[in-house]
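This report concerns only the one structure given below.
The values are calculated or read from the model by the stated rules, or taken from the named source; none is laboratory data. Keep in mind that this is a model prediction, so the values were computed, not measured. Cβ coordinates were reconstructed from backbone atoms using ideal geometry, including for glycine residues, and neighbour counts include every protein chain displayed. SASA here: full protein model, heavy atoms, side chains in, ligands and nucleic acids out. Shrake-Rupley method; radii C 1.70, N 1.55, O 1.52, S 1.80 Å.
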Amino acid sequence: MNSQFLTVLLLLLLGVSGPWGQGQDPQGPLEDLPEEPPGEEVPKEEGVLVLSGRTLSLALQEHPALLVEFYAPWCGHCQALAPEYSKAATLLAGESAPVTLAKVDGPAEPELMKEFGVTEYPTLKFFRDGNRTHPEEYTGPREAEGIAEWLRRRVGPSAAHLKDEEGTQALMDASDVMVIGFFQDLQDEDVATFLALARDAIDITFGLTDQPQLFQKFGLTKDTVVLFKKFDEGRADFPMDEETGLDLGDLSRFLVIHSMHLVTEFNQKTSQKIYAARILNHLLLFVNQTLAPHRELLASFREAAPPFRGRVGTGGPGRRGHWALGPATWVPCWQVLFVVVDVAADNDHVLQYFGLKAEEAPTLRLVNIETTRKYAPTDGGPVTAASVAAFCHLVLGGEVKPYLLSQELPPDWDQRPVKILVGKNFEQVAFDETKNVFVKFYAPWCSHCKEMAPAWEALAERYKDHEDIVIAELDATANELEAFAVHGYPTLKYFPAGPGRKVIEYKRARDLETFSKFLDAGGELPVEEPMEKPETPFPEPPANSTPGTKEEL
């Protein structure tokens with residue numbers, strides 16, 4: 001009897017805790033057994049497990065469905081997420097849902113950050129059945145009900161099984177948008193495709209049925225996906241190809257096209273959905289809805305919208321695009337999304353973004369949210385269905401030049417340690433071949449920009465006597481550049497001296513000492529450190545700058 005066999009026998013006789021002691025198959029060599037002592041309890045804060053490198057493996061064993069937030073105590077987005085995350089945990093606990101929420105202090109657990117590839121805060125990962133090596137990235141919103149719904153669709157059915165007219169009608173009545181898959185055979189492979197899409201499109205209620213009476217009630221004779229909505233035309237049908245079956249890309253395009261309103265009013269509630277739709281071109285009609293003549297323009301604006309909504313089957317390679325699974329991978333199908341902005345409401349930040357004043361309404365602006373290029377009508381004529389359509393066609397056809405915002409240059413722009421840049425002097429200063437120029441691109445309302453302002457002032461004071469170093473800032477909400485677009489705040493860029501118009505983006509800690517090390521090293525720093533994401537520009541209102549999708553995590 002060899003020594004290894006004796007060791008294993010002894011462990012079994014002693015009743016070792018862990019996978020083997022529980023009568024399960026071995027999960028790995030003896031040295032892989034969890035280090036936690038038997039019966040150790042993981043602490044909780046407001047319904048959320050507080051994990052460490054030592055207790056994560058224990059939580060994975062005990063909780064088959066576990067969502068883990070990797071956060072930093074100093075991160076503004078993490079602080080904003082915290083109450084919603086706790087509220088989601090309470091919601092799910094009240095439903096006895098088989099899912100648990102947990103969190104890990106990232107800076108305190110660098111080994112876990114490395115293991116799971118966490119490079120920014122907050123990052124959320126979903127673990128199933130104790131699988132530590134392949135967690136799913138969280139792609140849902142950051143408010144409590146959205147977090148809870150994202151999880152419900154992973155631990156429960158993503159679509160309700162509809163068996164009668166009464167239950168179907170009740171679910172439809174409770175939903176602004178509802179999608180029902182009518183399948184004659186629920187074992188068909190098309191059903192799996194339908195349910196996979198339903199799992200990620202959490203802003204839509206899904207159901208499925210094989211009941212003949214429901215086919216008859218809605219006038220159907222073959223397998224069809226139907227979108228019901230309490231606006232616009234009320235219903236849109238997606239018949240399935242009997243030969244090729246249900247195409248995920250085509251169904252995705254269909255849903256994103258028909259679940260959006262033809263015309264959406266911009267406000268705090270709709271702003272995140274407008275942005276998350278991933279429709280590149282937004283046409284905005286600025287009106288004062290307290291004035292009757294302005295309200296009368298809405299009918300013409302709406303009349304022009306349908307041709308720019310797109311059709312099923314227009315996506316695919318080389319065409320308009322598609323909507324893949326998950327909000328983080330939606331690609332636009334619409335050519336132009338029509339949006340109404342009420343200048344009499346709390347939309348000053350939108351006016352500022354376009355360089356407009358409320359008294360200039362009614363007027364049109366078109367923005368491509370990928371390039372941030374903005375376009376204005378050149379004729380100054382009245383807003384009619386024909387003029388709206390013509391303006392869209394001209395912009396899409398490349399016949400209208402974008403305009404760039406620029407503030408007036410203050411006469412004392414270079415008198416303080418932090419130099420003031422605007423659109424008109426940016427090129428001259430940033431690309432001066434004799435200077436190393438470090439620029440902060442900020443938004444006046446951005447909380448992260450305000451937090452780092454003292455460090456930026458201190459940096460400028462420290463280097464004010466260095467003739468070859470310039471510390472500057474530019475309000476990116478009021479100034480635009482031909483060289484590049486700014487997509488988040490604050491954005492920090494370093495323009496080293498010399499020819500070639502070289503640009504280095506700074507993505508490290510925003511404190512005086514790290515800034516100084518970066519400058520002293522000529523624009524280089526070792527080993528990337530995790531950071532929270534910058535705040536994003538329009539259309540998210542500054543009062544709610546926390547992003548709502550993974551693109552926002």
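So which of Thr378, Thr372 ends up being of a type outside the set (A, V, I, L, M, F, W, C) and open to solvent by less than 60 Å² (accessible area, probe 1.4 Å)? Outline the logic, then answer.
Values: Thr378 fails: open to solvent by less than 60 Å² (accessible area, probe 1.4 Å).
Unique residue meeting the criteria: Thr372.
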Thr133 vs (1) touching a helix residue (DSSP H, G or I) at 6+ places or on another chain (Cβ under 9 Å); (2) of a type in the set (Val, Ile, Thr); (3) open to solvent by 50 Å² or more (accessible area, probe 1.4 Å): all pass except (1)
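Which residues, taken from segment 140-167, are in a helix (DSSP H, G or I) and buried (at least 21 other Cβ atoms within 10 Å of the Cβ)? Let's see the steps before the verdict.
Step one: of segment 140-167, the residues in a helix (DSSP H, G or I) are 144-155, 165-167.
Ile147, Ala148, Trp150, Leu151 - these are the residues of segment 140-167 that are in a helix (DSSP H, G or I) and buried (at least 21 other Cβ atoms within 10 Å of the Cβ).
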Of the listed residues (Val383, Val429), the one being in a helix (DSSP H, G or I) and surrounded by 18 or more Cβ atoms within 10 Å (Cβ to Cβ) is Val429
The residue from Gly249, Gly313 that alone is farther than 21 Å from Ile369 by Cα, at pLDDT below 90 and open to solvent by less than 30 Å² (accessible area, probe 1.4 Å) is Gly249
The lone condition Gly53 fails out of (1) of a type outside the set (A, V, I, L, M, F, W, C); (2) at pLDDT below 95; (3) open to solvent by 10 Å² or more (accessible area, probe 1.4 Å); (4) in contact with a Ser or Thr (Cβ under 9 Å, 6 or more places away or on another chain) is (4)
The condition from (1) over 14 Å from Val48 (Cβ atoms); (2) in contact with a strand residue (DSSP E or B) (Cβ under 7 Å, 6 or more places away or on another chain) that Arg152 misses is numbered (2)
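Could you check segment 82-124 and list, in sequence order, the residues that are of a type in the set (Ser, Thr, Tyr), open to solvent by 30 Å² or more (accessible area, probe 1.4 Å) and modelled with pLDDT under 95? Full working, then the answer.
Within segment 82-124, the subset of a type in the set (Ser, Thr, Tyr) is 85-86, 90, 96, 100, 119, 121, 123.
Narrowing the set further to residues that are open to solvent by 30 Å² or more (accessible area, probe 1.4 Å) leaves 90, 96, 119.
Residues satisfying the conditions are Ser96, Thr119.
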Taking segment 478-505 and the residues there that are within 22 Å of the chain's Cα centre (by Cα) and either more than 14 Å from Lys440 (Cα to Cα) or modelled with pLDDT of 85 or more (or both), the one that is most open to solvent (accessible area, probe 1.4 Å) would be Glu505
(message) Tell me whether segment 333-340 contains one or more residues that are closer than 22 Å to Arg302 by Cβ, open to solvent by less than 60 Å² (accessible area, probe 1.4 Å), modelled with pLDDT under 90 and touching a Lys or Arg at 6+ places or on another chain (Cβ under 6 Å).
(response) yes
Condition set outside any strand (DSSP E or B) and charged (D, E, K, R), scope segment 398-426, selection farthest from Pro496 (Cα to Cα): answer is Glu399
Contact list, first residue from segment 356-380 and part of a helix (DSSP H, G or I), second anywhere and open to solvent by 30 Å² or more (accessible area, probe 1.4 Å), beta-carbon distance below 8 Å, six or more apart or interchain, is Ala358/Asn288; Ala358/Ala344
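Yes or no, residue by residue, for (1) at pLDDT 90 or above; (2) open to solvent by 80 Å² or more (accessible area, probe 1.4 Å); (3) among the aliphatic types (A, V, I, L, M):
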| position | (1), (2), (3) |
| --- | --- |
| Leu12 | no, yes, yes |
| Gly18 | no, no, no |
| Gln22 | no, yes, no |
| Asp25 | no, yes, no |
| Glu31 | no, yes, no |
| Leu58 | yes, no, yes |
| Glu62 | yes, yes, no |
| Cys75 | yes, no, no |
| Ala80 | yes, no, yes |
Reported set for segment 256-293 where residues are buried (at least 17 other Cβ atoms within 10 Å of the Cβ), at pLDDT below 85 and either among the basic types (Lys, Arg) or in a helix (DSSP H, G or I) (or both) is Val256, Ile257, Ser271, Gln272, Lys273, Ile274, Tyr275, Ala276, Arg278
When Val388 is run through (1) at pLDDT 95 or above; (2) more than 28 Å from Asn281 (Cα to Cα), the failure sits at (2)
Selection from segment 147-171 of residues small (Gly, Ala, Ser) and touching a helix residue (DSSP H, G or I) at 6+ places or on another chain (Cβ under 8 Å) yields Ala148, Ser158, Ala159, Ala160
For segment 188-218 the number of residues that are over 31 Å from the mean Cα position of the chain (by Cα) and closer than 20 Å to Val177 by Cβ is 4
Scanning segment 432-466 residue by residue, those open to solvent by less than 60 Å² (accessible area, probe 1.4 Å) and in a helix (DSSP H, G or I) turn out to be Ser447, His448, Cys449, Met452, Ala453, Ala455, Trp456, Ala458, Leu459, Ala460
If we keep only residues of segment 180-203 that are open to solvent by less than 30 Å² (accessible area, probe 1.4 Å) and of a type in the set (Gly, Ala, Ser), then the residue modelled with the highest pLDDT is Gly181
